[in-house]
Amino acid sequence: MKSFFKTLALALLILVSFCAPGFAADTIKIGCGGVISGDLAPYGISALRGAELAIEDLNAKGGILGKKIELLVGDDVCKPEVAVNMATKLVSDGAQMIVGHVCSGATIAANKIYKDAGLIVISSASTNDDLTLKGEHPNFFRTISYDGAQADLMTSFVKNNLKVKTVAMIHDKGDYGKGQMELARQYFEKLGGIEVVLFEGITTGAVDYSAIVQKIKRTKAELTMFGGYHSDASKVVGLLKKKRVKTIFFGADGIIGDNFVNLAGKYSDGVYATGPNDTSSNPLYQEISAKHQKKYGEDPGTFTHNGYACVQALAAAAEKAGSLDYDKMRAAMFEIKIDSPLGPIGFDKNGDVIGAGFSVYQVQNGKYTQVN
């Protein structure tokens, strides 16, 4: 009799485990890693909110493969060493696919963990070329174009539209900023007719950027190109304007959006930057923007719509594969075509997005305006 009750208790425990709402076996876990605290938090939060909205929409329709989606969130503070620990935790918590990260350096570091765990990763914002073009991250995809595409656009616009002859190039010494400027320098060399009079890194988060501003001033560079994020760029731009240094300031997607404009204030006017194409006329873009406004009480951030598209892509691949098996999902990622807020998109053989590109913007009257 004692043995019977032990067996009965075990059977009941197993039954409860399978029937309990929210039990891990009944959900699909998507990990979302990125910077959600510190100076660069607006970028990560915007991507996270896009993922949240997409998951809400998918869950309302039954989830993925008939299972509801659970979101696991991690904060890497845009630091590679933190990203590794954060990725390890997401994997140990049972993440089955990953949206993220935002900062390229953090993505490169964290993906060593995800790759070993056999997880598909898709980023809304990491643009470093090495993530797709070196073949070292076969599990990685992105809904934003890569730095080489930006470098091509930036340099051709500088030569053909702005018609400058001398350029100072500064960067944040990171995988994203330095890598971006090294690429741009190569494109300038190919174009010819433009002299790079300064190429130098800065210390991120510094209180005073007087030294680099003085160097730019001495070179008399007609244009200063910046590789890095809005927090440093806003300080450099402000100081350049205050010191009356006559140079055009041009950054990439690391300074696009209201975050830079709010920090730089009046000194932001006239600044150029490359960023994702404006798809605000897309009906799905408008629908998501309205949902964002209702849920969060403000307009979407820089990478909200890219983040939404990331989740769409993972869901479409899982459904096409009929499984979360890594090999099957990866094969499906190259075959899917989705109607996203960025427009119809897919992925090429490297994992780079097809159908979403970059445009040049300029701050005019306190707002980034597309100019090409």
As I understand it, the value is the acute angle between the Cα axis of helix 210-219 and the longest principal axis of the Cα atoms of the chain; what does it come to in degrees, rounded to 10? 50 degrees
Need the C-alpha centroid separation for the range 306-372 versus the range 42-115, integer Å. 16 Å
Order by protection proxy (mean Cβ within 10 Å, highest first), peptides 291-299, 359-367, 251-259: 251-259, 359-367, 291-299
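For the range 145-192, what class follows from the C-alpha gyration tensor (a ≥ b ≥ c being the square roots of its eigenvalues): rounded when a/c is under 1.5, otherwise prolate if a/b is larger than b/c, else oblate?
Working: a/c = 2.13, a/b = 1.51, b/c = 1.41.
In terms of gyration-tensor shape, prolate.
If you build the Cα gyration tensor of the range 98-160 and take the root of 5 times each eigenvalue, what three semi-axes come out, in whole angstrom, biggest first?
Sorted largest first and rounded, they come to 26, 10, 9 Å.
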What ranking do 188-197, 240-249 get when scored by the average of other Cβ atoms within 10 Å per residue, highest first? 240-249, 188-197
In cubic angstrom, how much convex hull volume per residue do the alpha carbon atoms of the range 235-372 span? 137 Å³
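Excluding residue 359 itself, what net charge comes from residues whose Cβ is under 15 Å from its Cβ, given Lys and Arg +1 and Asp and Glu -1?
My count for the surroundings of residue 359 gives -2.
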Report, please, the projected area of the range 20-155 averaged over directions, based on the convex hull of its C-alpha atoms, in nm². 9.0 nm²
Quotient of Cα Rg and 2.2 N^0.38 Å for the chain, N being how many residues it contains: 1.09
Find the centroid of the Cα atoms in the range 160-204 and in the range 240-261, then give the distance between the two in whole Å. 15 Å
What's the ranking of 55-68, 31-44 by average number of surrounding C-beta atoms within 10 Å, highest first? 31-44, 55-68
Computed over the range 148-270, the relative contact order (Cα-Cα under 8 Å, seq sep at least six) in percent reads 27 percent
Cα-based helix-to-principal-axis angle, 147-157 vs the chain, degrees rounded to 10: 30 degrees
Once you've got the GNM for the chain with C-alpha springs shorter than 10 Å, pick whichever of 139, 85, 128 has the biggest mean-square fluctuation. 85
Give the accessible surface of the chain per residue, rounded to a whole number of Å², with probe radius 1.4 Å and ligands, DNA and RNA excluded. 44 Å²
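Where the accessible area of the chain is counted over protein heavy atoms with a 1.4 Å probe, how much of it, in %, is carbon and sulfur? Don't jump to the answer; show the numbers that get you there.
Working: 8640 of 16370 Å².
Here it works out to 53 percent.
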For residue 238, the net charge from surrounding residues (Cβ-Cβ under 14 Å; K, R +1; D, E -1) works out to +3
Radius 11 Å from Cβ of residue 105, net charge of other residues (Lys, Arg +1; Asp, Glu -1): -2
Tally the DSSP beta bridges in the chain and give the antiparallel ones as a percent, rounded to 5. 30 percent
How large, in Å, is the range 148-270 by the Kirkwood hydrodynamic radius built from its alpha-carbon pairs? 14.2 Å
Relative contact order of the chain, defined on C-alpha pairs under 8 angstrom at six or more residues apart (%): 18 percent
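The values are calculated or read from the model by the stated rules, or taken from the named source; none is laboratory data. No experiment lies behind these values; they were computed from the predicted model shown. Virtual Cβ from ideal backbone geometry, glycine too; neighbours counted across all protein chains shown. Please note that ligands, DNA and RNA were not included when accessible areas were found on the heavy atoms of the full protein model with its side chains. Shrake-Rupley method; radii C 1.70, N 1.55, O 1.52, S 1.80 Å.
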